[in-house]
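Each remark here refers to the structure printed beneath this line.
Taken together, the values in this text are just the output of simple stated rules run on the coordinates, not laboratory data. None of these values were measured; they are calculated from a predicted model. Cβ atoms come from the backbone with ideal geometry, glycine included; neighbour counts cover every protein chain shown.
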Amino acid sequence: MHDLEEMRRKLLAALEERGLLMPGRAEAADGTPLTIYGQPAWRTVSAGHEAQALMAGTTRQRDLVASAYATPATGENLCAAWVERAFERLGLGAVTGDAAELYAAWCRHTDTRQLKVGMIIAVPAHPYTIDGQRMGHVGLYLGDNLVMHCTDGRVRQVPLELWLSAYGVMAEPRWGWLGGIALD
């Protein structure tokens with residue numbers, strides 16, 4: 001199992017090293033350090049706010065997860081193309097756009113209780129690359145507090161809290177059904 005406290009410590013250290021933490025140790029109401037963009041540097045999924053578990057999903061939701069595992073990585077800075085291909089492989093049609101466009105069009109939720117298996121999870125911008133600042137980043141929620149995404153030309157899965165925190169540096173992450181096609 002993932003050691004979230006160790007991941008939190010490493011992420012906060014990396015953000016500090018990159019100069020992305022607010023000077024003077026500014027904190028959110030819960031004591032979480034803030035980024036220079038005013039966002040919490042760590043986003044905890046608190047008890048009672050858990051996202052949907054994989055086995056609580058419908059057959060279509062679980063089929064999309066299987067499709068994601070079978071979808072090869074796309075090139076560097078093509079996270080949205082990878083997500084779109086996973087949906088296309090399942091026969092759900094073609095929805096295109098970069099991560100920021102998908103965020104604006106389909107991602108409306110911010111309460112993790114509304115995060116369902118197969119939803120896209122996105123940010124409109126992140127500070128790690130020039131393309132990330134312009135186009136954001138998107139992944140696919142797998143259930144069981146895991147997100148799969150294509151980054152650096154590789155498909156990876158990471159704990160939900162780590163994805164929300166690492167990519168939510170500049171803006172609040174949101175989620176929703178790609179193309180408005182609810183699979184639940």
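Tabulated data for the structure shown
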| item | result |
| --- | --- |
| Dipole magnitude of the stretch 49-180, debye to nearest 20 (Cβ charges: Lys/Arg +1, Asp/Glu -1, about Cα centre) | 260 |
| For q = 0.13, 0.24 Å⁻¹, Debye-computed log10 I/I(0) when each Cα of the stretch 5-53 counts as one equal scatterer | -0.33, -0.88 |
| Order of S67, S46 - criterion: other Cβ atoms within 10 Å of each residue's Cβ, fewest first | S46, S67 |
| Amide H partners (placed H, <5 Å) of V155, local residues excluded | A73 |
| Relative contact order %, the chain, counting alpha carbon pairs below 8 Å whose residues are six or more apart | 26 |
| The stretch 146-159 - phi-based ³J(HN,Hα) in whole Hz, Karplus 6.51/-1.76/1.60, Gly and Pro as x | 10, 10, 10, 8, 9, 9, 6, x, 10, 8, 9, 10, 9, x |
| Candidates L64, L20, L164: whichever shows maximal mean-square fluctuation once the chain is modelled as a Gaussian network with Cα springs under 10 Å | L20 |
| Expected 222 nm ellipticity per residue - DSSP helices of 4 or more, -39500 (n - 2.57), all of the chain, to 500 | -9500 deg cm²/dmol |
| Hz values of 3J(HN,Hα) by residue in the stretch 31-38 - Karplus curve (6.51, -1.76, 1.60), Gly and Pro given as x | x, 6, x, 9, 7, 5, 8, x |
| For L146, residues with placed amide H under 5 Å, excluding near neighbours | L160 |
| For R43, residues with placed amide H under 5 Å, excluding near neighbours | S165 |
| Label assignment, log10 I(q)/I(0) by the Debye sum over Cα atoms at q = 0.09, 0.13 Å⁻¹ derived from the structure, set [x] -0.39, -0.82; [y] -0.38, -0.73; [z] -0.29, -0.62 | [z] |
| Rounded FRET efficiency, nearest 0.05, which uses the C-beta distance separating R113 from R154 and R0 of 41 Å | 0.85 |
